[in-house]
Amino acid sequence: MITKGNRRGGTPILIEQSNFRHLERVPVETKMFREEWLQKLIHEFPGLLPIEEIDAAFSPLIAIGREIATPAGYIDNLFVSPEGYITIIETKLWRNPEARREVVGQILDYAKELNRWSYNDLNECTVKFNQLYNNNSDGLLATYRNANGLEETEEQNFIDKLSKNLKRGRFLLLIVGDGIRESVEDMVAYLSDSPQLYFTLALVELQVYNVDAANNSLLVVPQLITRTREITRAVVRVEGIQPDNVKISIETDLGIPNDSKNQFGRKLNITADDFFEELTKNCGLLTADFARQVINDSEAMGLFIEWNTGSFSVRLPDPLGSGLKISLLNIDRGGLFYLGYSRSKFEKLKMPLEISYRFTADTAKLFPGIYPSADKPNIWNKYTTLKELEKVYIPFMDRMNAYVAEITEFLQHQEIESD
């Protein structure tokens, strides 16, 4: 499935004290606009890319390579996230039709080549990158440690995750250009040629405007144009030799068995796929299936699922459209289940905290040894487990549904009174 960003025209306006002026967009024909300039900009300021809008697992970006030689060509920029996810970036200026036709196929070729690499290969690449650009010989672990902090006990876990993502091709492929055309957006048909890789593809346009030409001050506006929400794949396994003892299984959509996908109606992103893989390993398939049911039922109530790399949260979007999301519950990959912390959102929305306190107290009664925290009465004193939740699932969801209705009713009544 492909999601295209909504394009909207408009020129940024700079307001300085009582004056304003329209900013002039830097034309792509100028000498400043070179692919090398784009690569350097992305290397020095990776935060300007809208990575969290695509998949938070790939954020924040830690630079580990530029102009990396592969048999398919040179990878412009290479990044890794603290969770071991890899981002491949191809910068492209759209001055000729040939570049537009070839760019998607080119970045897919880079992904195929990187898929053959080991952790040691990537570590050597990082050492060369640091020697060339950063005046040191740091490898992957040292680069991560300098950028994001890394405890010694976490090092092996990072190596394992990164190695797994290399092997499975769990990459974010990011094409960054100065003016991406609609024809390029349609070229994601190339994706069907690489079903063996678990990648996400996105196209990002960087619009550059002059703010102060004398001081070389620029305004850069990143715009997410297109991204793939999921890459559908199918792996057929045939086990057994004798005709009466042959077992056939099919896995689709990032490794989730197709019967689970049909049962719960979900295609998962890369973060969710890893979550369920680890939850299944830690707690078993039945517990993982129950977690999917929680997601499915929560979404049926109009709630929002927010994915983290090791957990997910169920949140209630403010029905009045402020953009705030009230945290209701959290489930982590170890099978632990607990209420979300909602106090700050209640205060911002000017809602009485007693609504949250009642929900906490009522749900605590459903679980052995659980009661509201003494200093934070809108959360429990300790976590419980998905297995405990499953025993009281219906009354818990009924109470959560009533909680959502109470919040919604209060906010709507508050809006009517303010009018």
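The values are calculated or read from the model by the stated rules, or taken from the named source; none is laboratory data. All values derive from a computational prediction rather than experimental measurement. Using ideal geometry, Cβ is built from the backbone for each residue, glycine included, and neighbour counts are taken over all protein chains shown.
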| request: Kindly list the number of the only condition in (1) buried (at least 18 other Cβ atoms within 10 Å of the Cβ); (2) touching a helix residue (DSSP H, G or I) at 6+ places or on another chain (Cβ under 7 Å); (3) at pLDDT 90 or above; (4) within 27 Å of GLU406 (Cβ to Cβ) that fails for ILE295. | output: (2)
| query | Just one of the numbered conditions (1) surrounded by 11 or more Cβ atoms within 10 Å (Cβ to Cβ); (2) in contact with a helix residue (DSSP H, G or I) (Cβ under 9 Å, 6 or more places away or on another chain); (3) at pLDDT below 75 is not true of VAL235; which one? | reply | (2)
| request: Considering only residues that are buried (at least 19 other Cβ atoms within 10 Å of the Cβ) and within 10 Å of the chain's Cα centre (by Cα), look in region 42-54 and name the one that is modelled with the lowest pLDDT. | output: ILE54
| task | Kindly establish whether GLU83 is more than 26 Å from ASP178 (Cα to Cα), modelled with pLDDT under 90 and out of contact with any strand residue (DSSP E or B) (no Cβ under 9 Å at 6 or more places or on another chain). | result | yes
| task | Only residues that are under 12 Å from the mean Cα position of the chain (by Cα), crowded, with 23+ Cβ neighbours inside 10 Å and not in a loop (DSSP other than H, G, I, E, B): list them for region 55-85, please. | result | ALA57, PHE58
| query | What residue, among those in region 158-189 that are modelled with pLDDT under 60 and of a type outside the set (Ser, Thr, Tyr), is surrounded by the most Cβ atoms within 10 Å (Cβ to Cβ)? | reply | VAL184
| remark: Per the list (1) among the acidic types (Asp, Glu); (2) over 19 Å from ALA72 (Cα atoms); (3) touching a residue at least 24 places away in the same chain (Cβ under 8 Å), residue check on GLU113 breaks on (2)
| task | Go through ASN308, ASN296, ASN282 for me and flag whichever is polar (S, T, N, Q), closer than 18 Å to LEU386 by Cβ and within 19 Å of the chain's Cα centre (by Cα). | result | ASN308
